[in-house]
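What follows is a set of notes on a single structure, which appears directly below.
The values are calculated or read from the model by the stated rules, or taken from the named source; none is laboratory data. It should be emphasised that the depicted structure is a prediction, and the values quoted were computed from it without experimental measurement. Methodologically, a virtual Cβ is constructed for each residue, glycine included, from the backbone with ideal geometry; neighbour enumeration extends over all protein chains shown. SASA here: full protein model, heavy atoms, side chains in, ligands and nucleic acids out. Shrake-Rupley method; radii C 1.70, N 1.55, O 1.52, S 1.80 Å.
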Amino acid sequence: MRHLVKKRIADELLDSLPAHIAILNSQGEIIDVNESWKQFARENDCSDSKFYVGVNYLAVCEQALQSEHDDTVEKTLRGIHAVLRGEENEFLLEYPCNSPTEARWFTVRAKHFEYKGETYVIVLHENITGAKLAEKVNEEGNARFRQLYENSMDAILLTAPDGSILTANPAACQMFDRTEDEILMLGRSGLLDVSDPRLMEALRERERTGRFRGELTGIRRDGTKFPIELTSNLFTDYDGGKLTVTIIRDMTKQEQAETKLKENRNLFRHLTDNLPDTIYTLDLEQRQVTYFNRNTFLGYDRDELMAQGSLLKYIHPEDVAAVSDYWQRLLGGKRNEGMEYRIQNKNGQWEWVESREIIINSNPDGTPKEIMVILRVVTDRKQAEATLRANEEKWRRLFEILPVGVSIIDENRVIVDMNSRLEKILSISKEGLLAASYRNRQYLHGDNTPFALEEFPTIRAIQEQRSIFDIEMRVITEDGNTIWTTVSAAPLPFQHEKAVVVTADITERKRAEEKLTQMYQIIEEKKRELEHALDRERHLARTDGLTGAKNYRHFFEIATYEIAMANRYLHPLSIILFDIDKFKKFNDTFGHQLGDEMLKHVVQIAKKRLRETDVLSRYGGEEFVVVLPNTTSKDAFAVAEDIRKHIASSFLGHKEERKNVTISIGIAETLPNEKNGLEKLVRLADKALYVAKKAGRNQSVIYSSEMDK
């Protein structure tokens with residue numbers, strides 16, 4: 001039992017690691033993998049549920065190296081071999097592994113260990129893309145920071161929390177009229193007026209929030225004091241220490257600052273005038289609206305909106321206390337996240353608004369001097385939320401009459417509520433289902449379900465993805481039957497820590513699908529048989545039944561097309577017409593059966609001497625015709641002679657029964673600048689064939705115009 005507990009702990013530990021991990025035995029065979037390895041395999045279209053367990057990792061590397069040489073694979077193979085042989089205790093390699101859509105980097109690490117006298121190797125593949133990209137961004141960021149640092153018109157200091165200064169840029173040296181070494185020696189107290197009460201408030205705010213921005217007093221070399229605007233941000237360096245970037249602006253250039261302020265105000269108004277939200281600025285000293293980007297809001301015109309007190313007097317009585325408390329915190333210098341409350345419009349109706357405030361200017365004590373308020377009317381949304389809440393009760397009444405099983409699960413995927421239909425579908429009692437978890441495999445079919453324990457999402461995953469989880473799985477009911485179900489999970493409105501799970505019985509549908517699949521296989525088989533039969537029929541329709549040569553009808557179609565192409569593009573084309581010499585006597589002497597065998601024998605020899613583009617056809621009886629595209633009569637003569645000689649030197653039969661024949665051949669070529677046709681070419685080849693027979697047979701003759709005389 002203790003061994004099983006330890007193994008379960010080890011498995012859970014491996015599965016919790018983000019690296020893709022496989023364990024190899026001394027022969028390099030994968031004996032176990034973790035969940036990250038399995039997930040990576042799924043994402044790369046691995047359909048085997050074993051996820052490569054049982055496969056020899058080294059053999060896979062060697063096969064990859066043979067198919068496509070890769071330095072990474074070769075180094076990995078050598079490294080793991082060295083670890084297995086005990087030459088190295090550990091091997092580490094960093095390599096790129098880019099996908100079609102993004103650049104990625106990984107490390108592969110192999111480490112040797114012994115267990116009960118056996119040698120094992122643990123192989124880890126870890127995605128370091130984030131770190132590589134961060135390095136790249138950091139390099140680019142450092143270059144940009146250095147440019148900004150050296151060329152900034154503002155003083156930039158890198159300081160420690162205790163006030164010591166580590167670096168100062170040229171602008172800082174010019175502003176305080178000191179060298180960088182002097183600034184580093186003086187520290188914060190030598191540059192800032194420590195008697196200014198705002199300094200301690202600034203330090204406390206930076207300690208509390210990590211940043212500060214406000215006005216303080218600086219001191220130059222000659223002791224003169226001058227107003228400055230200081231921005232300070234606290235950050236953690238690579239070693240975990242806290243540092244501060246401080247940016248100081250000389251506020252004595254007030255005229256330039258005021259001009260810039262006017263420009264910024266104009267830009268601000270240009271932008272805000274075109275925003276859909278209502279925006280106004282509030283001067284807290286005068287307690288008056290100083291700017292409104294709308295001519296009207298909730299029916300009130302601009303004069304009414306900018307009057308003293310303005311919108312505050314129209315707040316709903318029930319919301320006055322909350323709004324008052326909210327503004328008290330804001331006026332005290334505390335940052336708020338915004339709030340929603342009701343305001344009465346000009347027609348006397350209540351409207352819901354969402355209010356967010358931004359501090360524009362602050363007093364020396366840190367309290368706001370001027371505030372920008374952003375208002376958005378959200379009445380429609382609030383009414384929709386109220387309607388949804390009203391409908392929730394109706395939904396609960398429908399819960400029990402739905403034709404599917406419905407359950408509610410909490411953040412631990414434990415069933416906290418369900419309808420009676422789910423009990424009927426699963427044939428599992430309500431007591432057995434309530435408080436049960438979807439992490440429990442008790443009711444899942446062990447062999448054939450495609451459902452994995454880790455695939456069922458957490459509540460957080462359902463909420464973040466805002467999508468419906470859907471899967472088919474086989475379930476074992478309480479009475480031992482197996483049924484097919486679909487299980488879908490979706491976020492539950494207004495209950496963010498719960499989800500609704502819908503279960504439907506699809507057993508009949510799966511059975512029907514199985515029957516349809518079987519029927520489809522039968523239909524596909526019959527379809528293949530028909531296609532084979534059709535191919536045979538097409539072949540027979542185009543082929544001479546005795547010799548296997550093309551029949552003349554099919555030959556006529558092909559030859560007509562080839563001659564038309566030759567005429568159009570002025571390519572040469574030749575016709576060979578041949579017949580077997582004294583074949584009638586051969587038939588009369590040896591019989592028609594041997595004569596048929598001789599015809600097939602002649603065709604087989606001729607086919608072997610022709611190209612794939614040449615077409616041989618039986619013209620009639622013992623006469624045959626061949627069309628040779630892109631062939632002159634001279635080249636056709638060489639082909640004809642090759643066929644004639646092979647036929648004359650070949651025999652049919654064995655020993656004393658061996659028989660042979662000869663053929664006579666006529667050749668004709670398409671004539672340039674003339675209308676060539678198949679019948680004409682065959683007729684010209686026939687004249688040449690006649691000359692060959694008259695000259696003694698067993699020879700080839702090319703047609704010439706002299707034969708027409």
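Among the residues of the stretch 642-653, is there at least one that is surrounded by 17 or more Cβ atoms within 10 Å (Cβ to Cβ) and farther than 26 Å from Phe590 by Cβ? Checking the stretch 642-653: not a single residue is surrounded by 17 or more Cβ atoms within 10 Å (Cβ to Cβ) and farther than 26 Å from Phe590 by Cβ.
Residues are listed down the side, and each one gets a yes or a no for (1) touching an Asp or Glu at 6+ places or on another chain (Cβ under 6 Å); (2) within 18 Å of Leu312 (Cβ to Cβ); (3) among the hydrophobic types (A, V, I, L, M, F, W, C):
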position: Gln344; (1), (2), (3): no, yes, no
position: Trp350; (1), (2), (3): no, yes, yes
position: Val353; (1), (2), (3): no, yes, yes
position: Ile359; (1), (2), (3): no, no, yes
position: Pro364; (1), (2), (3): no, no, no
position: Ile371; (1), (2), (3): yes, yes, yes
position: Asp380; (1), (2), (3): no, no, no
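All of Gly214, Gly190 fail the test of being in contact with a strand residue (DSSP E or B) (Cβ under 8 Å, 6 or more places away or on another chain), modelled with pLDDT of 80 or more and not in a helix (DSSP H, G or I), apart from Gly214. Scanning the stretch 24-33 for residues that are open to solvent by 30 Å² or more (accessible area, probe 1.4 Å) and β-branched (Val, Ile, Thr) returns a single hit, Ile31.
Which one is least open to solvent (accessible area, probe 1.4 Å) among residues in the stretch 374-390 that are touching a residue at least 40 places away in the same chain (Cβ under 8 Å) and closer than 13 Å to Glu340 by Cα? Once the filter is applied, the top-ranked residue is Leu375.
Entry remark, the stretch 276-307: residues being open to solvent by 50 Å² or more (accessible area, probe 1.4 Å) and in contact with a helix residue (DSSP H, G or I) (Cβ under 7 Å, 6 or more places away or on another chain) number 1 in total. Counting just the residues of the stretch 41-63 that are polar (S, T, N, Q) and open to solvent by 70 Å² or more (accessible area, probe 1.4 Å), which one comes out modelled with the lowest pLDDT? It comes out as Ser49. Selection of the stretch 329-362 for residues being in contact with a Gly (Cβ under 7 Å, 6 or more places away or on another chain) and open to solvent by 40 Å² or more (accessible area, probe 1.4 Å) yields Lys346, Asn347, Glu354, Arg356, Ser362. Considering Asp614, Asp588, Asp596, which residue is among the acidic types (Asp, Glu) and in contact with a Pro (Cβ under 8 Å, 6 or more places away or on another chain)? It is Asp614. Using the structure shown, decide if Tyr326 is under 30 Å from Arg211 (Cβ atoms) and either open to solvent by 20 Å² or more (accessible area, probe 1.4 Å) or modelled with pLDDT of 85 or more (or both). Spelling it out, it is not the case that Tyr326 is under 30 Å from Arg211 (Cβ atoms) and either open to solvent by 20 Å² or more (accessible area, probe 1.4 Å) or modelled with pLDDT of 85 or more (or both). Any residue at all in the stretch 375-385 that is basic (Lys, Arg) and either touching a helix residue (DSSP H, G or I) at 6+ places or on another chain (Cβ under 7 Å) or modelled with pLDDT under 75 (or both)? No, the stretch 375-385 has no match at all.
The single condition among (1) at pLDDT 65 or above; (2) open to solvent by 40 Å² or more (accessible area, probe 1.4 Å); (3) among the hydroxyl-bearing types (Ser, Thr, Tyr); (4) under 26 Å from Leu426 (Cα atoms) that Thr486 does not satisfy is (2). For the stretch 695-707, check the following and say yes or no: at least one residue is within 19 Å of Gly621 (Cα to Cα), more than 60 Å from the chain's Cα centre (by Cα) and outside any helix (DSSP H, G or I). Yes, there is a match, as at least one residue in the stretch 695-707 is within 19 Å of Gly621 (Cα to Cα), more than 60 Å from the chain's Cα centre (by Cα) and outside any helix (DSSP H, G or I).
For the stretch 87-112, filtered to residues that are among the aromatic types (Phe, Trp, Tyr) and modelled with pLDDT under 80, the residue that is most open to solvent (accessible area, probe 1.4 Å) is Trp105. The residues of the stretch 597-618 that are under 17 Å from Ile563 (Cα atoms) and open to solvent by less than 10 Å² (accessible area, probe 1.4 Å) amount to a single one, Ser617.
Inside the stretch 597-644, residues that are part of a helix (DSSP H, G or I) and either in contact with a helix residue (DSSP H, G or I) (Cβ under 9 Å, 6 or more places away or on another chain) or under 20 Å from Phe555 (Cα atoms) (or both) make up a count of 16. Cβ separations smaller than 6 Å between residues 6+ apart or across chains give the following pairs from the stretch 555-575 residues that are outside any strand (DSSP E or B) to residues that are open to solvent by 50 Å² or more (accessible area, probe 1.4 Å) and among the polar types (S, T, N, Q): His571/Asn630. Here Glu182 meets each of (1) among the charged types (D, E, K, R); (2) more than 56 Å from the chain's Cα centre (by Cα); (3) open to solvent by 80 Å² or more (accessible area, probe 1.4 Å) with one exception, condition (3).
Residues in the stretch 413-429 that are open to solvent by less than 40 Å² (accessible area, probe 1.4 Å) and closer than 24 Å to Pro491 by Cβ were compared, and the one that is modelled with the lowest pLDDT is Arg413. Test Asp365 against the stated conditions and say whether it is open to solvent by 60 Å² or more (accessible area, probe 1.4 Å) and either without any contact (Cβ under 8 Å) to a residue 60 or more places away in the chain or in a loop (DSSP other than H, G, I, E, B) (or both). For Asp365, the condition - open to solvent by 60 Å² or more (accessible area, probe 1.4 Å) and either without any contact (Cβ under 8 Å) to a residue 60 or more places away in the chain or in a loop (DSSP other than H, G, I, E, B) (or both) - is met.
Considering Ile360, Ile408, the condition of being among the aliphatic types (A, V, I, L, M), under 42 Å from the mean Cα position of the chain (by Cα) and outside any helix (DSSP H, G or I) is satisfied by Ile408 alone.
Within the stretch 561-572, not a single residue is at pLDDT 75 or above, hydrophobic (A, V, I, L, M, F, W, C), touching a Phe, Trp or Tyr at 6+ places or on another chain (Cβ under 9 Å) and open to solvent by less than 30 Å² (accessible area, probe 1.4 Å). Would you say Arg198 is open to solvent by less than 60 Å² (accessible area, probe 1.4 Å), of a type outside the set (S, T, N, Q) and at pLDDT 85 or above? Against the criterion (open to solvent by less than 60 Å² (accessible area, probe 1.4 Å), of a type outside the set (S, T, N, Q) and at pLDDT 85 or above), Arg198 qualifies. Filtering the stretch 573-596 to residues that are open to solvent by 30 Å² or more (accessible area, probe 1.4 Å) and within 23 Å of Ser664 (Cβ to Cβ) leaves Lys582, Lys584, Lys585, Asp588, Thr589, Phe590, His592, Leu594, Asp596. Would you check if Gly79 is touching a Leu at 6+ places or on another chain (Cβ under 8 Å), under 16 Å from Ser26 (Cα atoms) and either of a type in the set (Phe, Trp, Tyr) or at pLDDT 80 or above (or both)? It is true that Gly79 is touching a Leu at 6+ places or on another chain (Cβ under 8 Å), under 16 Å from Ser26 (Cα atoms) and either of a type in the set (Phe, Trp, Tyr) or at pLDDT 80 or above (or both).
Given the condition under 25 Å from Thr560 (Cβ atoms) and surrounded by 19 or more Cβ atoms within 10 Å (Cβ to Cβ), answer yes or no: does some residue in the stretch 690-697 qualify?
No - not one qualifying residue is present in the stretch 690-697.
Under the condition of being farther than 16 Å from Thr231 by Cβ and either of a type in the set (Val, Ile, Thr) or assigned to a helix (DSSP H, G or I) (or both), the residues counted in the stretch 161-187 number 13.
Please state which of the following conditions Glu557 fails to meet, knowing it meets all the rest: (1) at pLDDT 80 or above; (2) surrounded by fewer than 10 Cβ atoms within 10 Å (Cβ to Cβ); (3) not β-branched (Val, Ile, Thr). Against the list (1) at pLDDT 80 or above; (2) surrounded by fewer than 10 Cβ atoms within 10 Å (Cβ to Cβ); (3) not β-branched (Val, Ile, Thr), Glu557 comes up short only on (2).
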